[in-house]
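Undergrad: Supplied in structure tokens, the structure appears directly below.
Laboratory data are not the source of any read-out in this text; all were calculated from the coordinates shown. In this text, all values refer to a predicted model and were calculated from it rather than measured experimentally.
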Amino acid sequence: MKKYSVVFLCLIIASLPMILYSCCSDDTCSEEDPYGKMIVKQTDTIYRKVPKFQAVGPYSVQIAAFANKANAERFVADTKSKLTVPVEAKFTQEGIYRIVIGEYKTIESARETLQLVKSKGYTDSFIRDEFGVIEK
């Protein structure tokens with residue numbers, strides 16, 4: 001029995017350098033994480049310029065947003081008494097009530113309204129279209 005143990009130990013010692021060398025070569029092996037998934041080393045990244053999205057309207061000025069309909073209606077009523085422009089709450093697919101002013105064909109018209117509402121204290125207001133924020 002002792003003879004088999006010595007032979008087995010010699011085989012392990014003799015094959016150990018070959019096993020270690022074959023897995024440590026930079027050209028042929030990949031690292032593995034403890035869960036057995038392969039870790040791929042990052043290569044050079046190529047960046048290309050993507051044209052900036054051009055908004056085409058219609059534009060509106062958003063002054064607030066609420067998840068609760070009652071809060072949105074209360075805010076609209078309060079805001080109508082402070083501003084001279086029509087204010088409305090629009091319900092979105094995401095379940096949010098956006099408080100917006102107008103539907104402007106040009107960005108310049110929306111900018112004028114944005115300046116007006118910011119001067120009245122609605123400093124977080126911004127210009128948006130149907131896809132999102134255009135200008136703050």
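Undergrad: Sequence gap at least 6, Cα distance under 8 Å: using those rules, report the relative contact order of segment 59-135 to the nearest whole percent.
TA: Details: 123 pairs, mean separation 31.1, N = 77.
Dividing the mean separation by the residue count of segment 59-135 yields 40 percent.
Undergrad: Then there is this: Once a ≥ b ≥ c are taken as the square roots of the eigenvalues of the Cα gyration tensor of segment 69-136, is the result rounded (a/c under 1.5), prolate (a/b larger than b/c) or oblate (a/b not larger than b/c)?
TA: The shape class here is oblate.
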